[in-house]
Amino acid sequence: MMLDGSIQNPGLFRPPAPAPRAKPLSLIALLGAVKHNPLEVWTKEHFENAIVTSRVPFFQATVVSHPRAVQHILLDNVGNYRRADLQRRILSAGLSDGLLTAEGEQWRVQRHAIAPMLARKAVQNFVPAMMEVAERLVARWLRHPDGDILDVAAEVTQVTLEVLERTIFSDGLKRDPAEFRTAMRGYFDAIGRLDPADVLGLPGFVPRLSRWRARPTLRFFDAAVDDIIAHRRRLLAETPDAVPRDILTLLLEAHDPQSGRGLSEAELRGNIITLIAAGHETTANALAWSLFLLSQSEEWRERVAAEADREFGGDIDGLADRLVETRAVIEEALRLYPPIVATSRVAIEPDELAGTPVRAGAMVVVAPYVLHRHRLLWERPDIFDPRRFLGEARREIDRYAYLPFGAGPRICVGAAFALQEATLVLSALVRDFELALAPGFNVEPLLRITLRPKGGLAMIVRRRKAPRRAGRQERVSEMARPSA
Ligand code: HEM
């Protein structure tokens, strides 16, 4: 597949992406592309037309890129659209009983119980934990020789996992963190591919190889998480005043305000695993893509570094809100490389979308990747330009043309958490380091549940020459001591 990208022209950087196909693939070629990289199935038509219906034997889907039609599906007529089995099956290997896969009343109760702890104001309490993890990464990189080549995608994945560990179980995992992380990676590798059986819509009882591969790691998680919950329950019973106010405690105390119902044991476990699974790789990809895009733009590298120098000196409260240019880079990275490329729904009753009739049972796809690069919705859609997300330009973006976190009642519950974390970590990194792509390293977006750089992201990590704020060094070396 041809990659459409130029890393040469810094003024007008067109980040790498598969060139849309002139015409749709046959069934056999489609299955091949899905296995290799599902990002390669989009055709020109998808990026030029508001509604595109694709038909291959066994499978029909309507890709909807008209903002009002998207709003109709995700908000105005949301009751008529349930999550498609395809999406549920992809997401559900092991995430059963969690918010991501729940439907109906079970979803409503869980959502009302969990949303308040991840709301914009509430996540500000996690700033110190996020900063501490970011500083630990800075300290780790400072121990490398200047100019070392690191897989930055792997580094930021470790950061996002650590942030979740610190905010969910602030008193530790009760297991070897390395073992925990290895199992998590194994889990993602096992379920990270779209199974051809899912694409063909084969019934659930047809075994999926990917599910079988994930079983040992899923068992490991269930056991590890059960231990942590049991330990915390004991603590709550014996020494309630000494219990940390982290996400685990909040989940144990959470209840639906309407019914008063709390989470069952299975829901507790399911949601802890769901928060880690839904929250770590997505945010890590946002960070990895932001670092890559910055490496290609001297202007934005300087702007974001200058902002870090300016703002890190001030109060930690509201820091993420003051890093507006850093956030604009992240939002632009989420536009060009949305970690969740597409979401799908099934119409329950017949409907009409932007004048196109939709029959009951039809699958509709809302694809942030397509929306965000759509010719009718964006100027120079394939060009990296964070200015779109600053000031008045930001306000002009149609709410339903930019959906990295989805929209409507099932909007990502961790959006504020993710944006705050990515902003703080990116700023902490550019404050101390300048990253350049390793010579000869080819960057290519690959879709495996989330949209990640294929083969990681090999970058040269150099210390920044600019003077650093006094007091910084002591803080970093203090942080570095326990883990050194
Ligand atoms: C940049 C990072 C992230 C992106 C791009 C992202 C994207 C999304 C999207 C698009 C959805 C909606 C899917 C749909 O409509 O079918 C979603 C749902 C969800 N996300 Fe995120 N997410 C991110 C980070 C996080 C984090 C940090 C957490 C948890 C701490 C999280 C937890 C969830 C959960 C639990 C749901 C299901 C919500 C529900 O169905 O009520 N996500 N996410």
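The values are calculated or read from the model by the stated rules, or taken from the named source; none is laboratory data. Remember, it's a predicted structure, so these values are computed and weren't measured experimentally. In this analysis, Cβ positions are derived from the backbone assuming ideal geometry, glycine residues included, and neighbour counts consider all displayed protein chains. Heads up: the accessible areas ignore ligands, DNA and RNA and are worked out on the full protein's heavy atoms, side chains in. Shrake-Rupley method; radii C 1.70, N 1.55, O 1.52, S 1.80 Å.
Annotation note: Cβ proximity below 6 Å between a residue of region 33-57 that is closer than 23 Å to Asp351 by Cα and a residue that is among the β-branched types (Val, Ile, Thr) and open to solvent by 20 Å² or more (accessible area, probe 1.4 Å) (sequence gap 6+ or interchain) occurs for Ile51/Thr356. Note on region 410-440: residues that are open to solvent by 20 Å² or more (accessible area, probe 1.4 Å), over 22 Å from Tyr369 (Cβ atoms) and within 14 Å of the ligand (Cβ to nearest atom) amount to 1. Only one entry in Arg375, Arg394, Arg387, Arg359 is open to solvent by 40 Å² or more (accessible area, probe 1.4 Å), more than 16 Å from the ligand (Cβ to nearest atom) and out of contact with any helix residue (DSSP H, G or I) (no Cβ under 8 Å at 6 or more places or on another chain), namely Arg359.
I want to confirm something. Restricting to region 242-266 and keeping residues that are over 11 Å from Ile114 (Cα atoms) and among the acidic types (Asp, Glu), which single residue is surrounded by the most Cβ atoms within 10 Å (Cβ to Cβ)? Filtering region 242-266 for residues that are over 11 Å from Ile114 (Cα atoms) and among the acidic types (Asp, Glu), the one surrounded by the most Cβ atoms within 10 Å (Cβ to Cβ) comes out as Asp246.
Checked against the criterion of being open to solvent by 10 Å² or more (accessible area, probe 1.4 Å), within 16 Å of the ligand (Cβ to nearest atom) and among the polar types (S, T, N, Q), the candidates Thr282, Thr239 yield just one match: Thr282. Selection of helices (runs of 4 or more DSSP H) fully inside region 285-342 by the criterion of at least 1 residues being modelled with pLDDT under 95, farther than 15 Å from Arg388 by Cα and more than 12 Å from the ligand (Cβ to nearest atom) returns 298-311, 319-322. Reported count of residues in region 153-183, each being closer than 17 Å to Leu294 by Cβ and either away from the ligand (no atom under 16 Å from the Cβ) or open to solvent by 50 Å² or more (accessible area, probe 1.4 Å) (or both), is 1.
Restricting attention to region 314-327, does a residue exist that is polar (S, T, N, Q) and either free of Cβ contacts under 8 Å to residues at least 40 places away in the same chain or closer than 21 Å to Val70 by Cβ (or both)?
So the first thing to find is which residues in region 314-327 are polar (S, T, N, Q), and the list is 326.
If we keep only those that are either free of Cβ contacts under 8 Å to residues at least 40 places away in the same chain or closer than 21 Å to Val70 by Cβ (or both) as well, we get none.
Looking through region 314-327, none of the residues is polar (S, T, N, Q) and either free of Cβ contacts under 8 Å to residues at least 40 places away in the same chain or closer than 21 Å to Val70 by Cβ (or both).
Of the residues Arg303, Arg335, Arg269, which single one is free of Cβ contacts under 8 Å to residues at least 60 places away in the same chain and either within 22 Å of Leu403 (Cβ to Cβ) or open to solvent by 40 Å² or more (accessible area, probe 1.4 Å) (or both)?
Only one candidate passes the filter, namely Arg303.
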